[in-house]
Each structure stands twice: as structure tokens, then as C-alpha cells.
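Accompanying notes for the structure given below.
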Amino acid sequence: MDSAPQQIKRLLIVVTSDPVKSGRLAEAIRLAAGISAWQKVAVTLFVGGEAVNGLLPGEGRFFDEDNIVEFLPALAERNQELYVEAGHPLVAANRTEIAFPELDHAGLAELTAGQDYVMHF
């Protein structure tokens, strides 16, 4: 019988959908928070494109905004990796509100290669 510890699986969730038009960002954040609470899968979230808008206060403009507001802090509290698209104009203009590390396309490709699973929203 093999008694070696089981290596934790890694999941990358990539979100680029516009939160004004779709609930995908909110659902991805809720999903990431739920999976990370389980502590059996290491979850990394990458937010790029139009989805970056959802990291700023939406004042009711975003689909399922309550999930963003409720679950995004939970990811930070659990020290889950969360990256934003490097060079995105909203990131540069709102550095205090969007304080997550930036990742460029090459970095995202490298990160993706090290994952067991990748989900795109």
C-alpha cells in the first residue's frame, strides 16, 4: 500500500467576460472561494479583459455583484493567488483599488502550463 502524501491539484480560473453583460466573473469568484475553502485544490484566479471592471465598485451595475463583494475578500483572506492582466488601463488608473499582482500573456501561459485544470469564463 502506498503511503506517500497525495499531491494537491492545481486549478486556474481565467475570467475575461464583461461583468456588466454576464455573471461569469461573479460565478468564477464564488466558485474559486468555495473550492479554496475545501483545501483539496489550490485555486488561482486570473482576471483580464473586460472582467477587470468587476474588481472596482460596481454600484449595482454588475451581474450577481453581491457574489463579487461577498466572495472576493474570502479569496484574499485565504491567500489564494489572484492576478490581473498586466498593462490593463483600469489596473494602472486604479492601483489602490486593484492591488493584485499583474501578469502578462507570457506569465499567464507559464502559469497555465503548471496547472492540472484550467477553466475559462
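Each reported figure results from applying straightforward, stated rules to the coordinates on display, with no laboratory input. All values reported here derive from a predicted model rather than from experimental measurement. Counting neighbours? That spans all protein chains shown, and the Cβs are built from the backbone with ideal geometry, glycine included.
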Here the residues within segment 109-121 that are over 21 Å from SER17 (Cβ atoms), of a type in the set (Gly, Ala, Ser) and either in contact with an Asp or Glu (Cβ under 9 Å, 6 or more places away or on another chain) or not in a loop (DSSP other than H, G, I, E, B) (or both) are ALA113
Of the residues ASP104, ASP66, ASP18, only one is surrounded by fewer than 16 Cβ atoms within 10 Å (Cβ to Cβ), in contact with a helix residue (DSSP H, G or I) (Cβ under 9 Å, 6 or more places away or on another chain), under 19 Å from PHE121 (Cα atoms) and not aliphatic (A, V, I, L, M); which?
ASP66
Being closer than 11 Å to LEU12 by Cβ, among the aromatic types (Phe, Trp, Tyr) and touching a residue at least 12 places away in the same chain (Cβ under 8 Å), is that true of even one residue in segment 70-83?
yes
Can you name the residue in segment 77-101 that is of a type in the set (A, V, I, L, M, F, W, C) and surrounded by 14 or more Cβ atoms within 10 Å (Cβ to Cβ) and is also nearest to the chain's Cα centre (by Cα) among such residues?
LEU82
